[in-house]
1. Being in a helix (DSSP H, G or I) and among the small types (Gly, Ala, Ser) is the filter here; which residues of region 340-356 pass it?
2. Could you tell me which of the residues Asp221, Asp245 is within 16 Å of the ligand (Cβ to nearest atom) and in a helix (DSSP H, G or I)?
3. Exactly one condition in (1) outside any helix (DSSP H, G or I); (2) at pLDDT below 95; (3) under 24 Å from Ala42 (Cα atoms) is not met by Ser367; state its number.
4. Report the residue count in region 297-335 for those that are in a helix (DSSP H, G or I) and within 11 Å of the ligand (Cβ to nearest atom).
5. For Lys427, state whether it is buried (at least 18 other Cβ atoms within 10 Å of the Cβ) and at pLDDT 90 or above.
6. Mind checking which residues of region 216-233 are out of contact with any strand residue (DSSP E or B) (no Cβ under 6 Å at 6 or more places or on another chain) and β-branched (Val, Ile, Thr)?
7. Determine whether Ala329 is more than 30 Å from Asp462 (Cα to Cα) and either touching a Gly at 6+ places or on another chain (Cβ under 8 Å) or open to solvent by less than 50 Å² (accessible area, probe 1.4 Å) (or both).
8. Looking only at helices (runs of 4 or more DSSP H) that lie completely in region 17-132, which have at least 3 residues being under 27 Å from the mean Cα position of the chain (by Cα), touching a residue at least 40 places away in the same chain (Cβ under 8 Å) and farther than 26 Å from Tyr243 by Cβ?
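The values are calculated or read from the model by the stated rules, or taken from the named source; none is laboratory data. Being a predicted model, the structure only gives us computed values, none of them experimental. No Cβ is skipped: glycine too gets one built from the backbone with ideal geometry, and neighbour counts run over all protein chains shown. When the accessible area is computed, the model is the full protein with side chains, heavy atoms only, and any ligands, DNA or RNA have been set aside. Shrake-Rupley method; radii C 1.70, N 1.55, O 1.52, S 1.80 Å.
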Amino acid sequence: MNNTTELTQKQPVTSTATKIALAHGDGIGPEIMEATLKVLEAAGAKIETETIELGEKVYLNGNSAGIENSAWETIRKNKIILKAPITTPQGKGYKSLNVTLRKSLSLFSNIRPVIAMDPFIETGHPKMDVVIIRENEEDLYAGIEHQQTQDVVQCLKLITRPGCEKIVRYAFEYARAYNRKKVTCMVKDNIMKLTDGLFHNVFKEIAKEYPEIESDSQIIDIGAARLAAHPERYDVVVTSNLYGDIISDIVAEVAGSVGLAGSANIGQNVAMFEAIHGSAPDIAGQNIANPSGLLNAAVMMLAHIGQVDVADKVKNAWLKTIEDGVHTADIHKEGWSKIKAGTSQFADAIIERLGQKPKMLKPSTLSAGNGEIKFYDYKREEAKKTLVGVDVFIDSKDNDPNKIGNALSTINDAGMKLKMITNRGVKVFPNGIDETYCTDHWRCRFVNVSSDITVTPPDYKDVTYNNVLGLLNTLHDQGFDVIKTENLYNFNGKRGFSLGQGE
Ligand code: NAD
């Protein structure tokens, strides 16, 4: 991997103020933002803020994306966003602002640190301190879906090498920057050998470049179960979009502190920091909202812009405030809370404790790492691509695989022959078994007529694009309803497609 990467950007340790695009948000947004900024200023954060307009008012003014053009300019200029929660108006036609920002700005990485606050917030896992790093742009979230037959719909799972390299490298860089000891990769490559297999392979390649950081891999199902049962055994977890979506909610729930967590969406050029919760319109304007989620997001922002010492100072003062029993209404408990604080009072209590560290809770140690995240450019190595066959997907309500298979087996005039048919991935021809349930969606694999398909793995000879076109014409002429094709390629002689279950 060394020869494929190149240092392109490094977050500088700032000596002058960093410019931040600031969204005050809706509902409780302005109150928790004011409290957060007050703490940051008192802690000596070197930031200069510039307000951007986005959210409810912008939506209601007829902008379906919820963000003004001027806000885009400020974001692209400043590159760092601190965003309070916004209200998405009820009704159709309003696009999710978060999805728009994440996709437009290529915020490829979602970071959610979750730490136990026991005994102040109840959890069965008082030692847990885990960071979930979730790929944010690809996987099933590309949203490419099709109905292919009356009974079958499909969603395309897209995993890319640059996408895997970016997120895996970010996870190791994060661990190195913030003094984390171990990165665990979670995948399902026992089943999805190409997609999750690529993620896993990239993980193993990149892990070698960070020998001081321990690494391991787990299958996502058992990994998620263990995360729920023993979260204290994990440090940094890196995974793809859908798995990450699920496990980041699992760990937040297990810690019991969803309302206090911040999150970051990081891209190579732009990064956005926000609380996990929404705009809580039910308690807006009452000075009772808990600003902790946004404050923790701001702590991540400070670390990201190189102000790790200030980040630790704010986080430790916040931990000490919680420890001292100063609690906002949402986490206040008779018996162990000492002061029921309003939003601004809670911020003042944190300011009073700046410079102090918690005694029972684990202090923040962001500054113990090197504090630098490096980003690398993806360098593409040309691979030799050869066409060795085609999977033709056919819509047929004829529920007999042998009938379809025997008809297709007579075709060889395009230089291609049928190798097998699968239904929902299971081989049903030749030599299927009667018990396999079949839908109206048949994947028919055609290969070069001279390929030896009796050996395992089969010996696929090259075919041409004209072979494929000829085959499709023949199938169409014979009345088969072809719904899609998927070319079978080898890359550098290595099979670039999966075998059928039972092939
Ligand atoms: P919510 O998170 O705003 O509120 C859920 C419950 O938690 C409410 O009872 C609320 O009072 C409470 N709560 C939330 N944050 C709190 C805090 N800081 N202190 C004390 N109590 C708090 O979720 P919701 O009610 O489903 O959504 C309200 C609005 O927020 C919706 O318009 C939704 O679209 C939006 N939203 C925005 C974001 C974002 O901007 N990132 C995220 C989620 C929801």
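1. Residues satisfying the conditions are Ser344, Ala347, Ala349.
2. Every option except Asp245 fails the conditions.
3. Looking at each condition in turn, Ser367 falls short on (1).
4. Here is the first cut: in region 297-335, the ones in a helix (DSSP H, G or I) are 297-304, 308-323, 329-331.
From the residues that got through so far, the ones that are within 11 Å of the ligand (Cβ to nearest atom) too are 297, 329-331.
Total satisfying the criteria: 4.
5. yes
6. Selection gives Ile219, Ile222.
7. yes
8. Here the list reads 29-43, 69-78.
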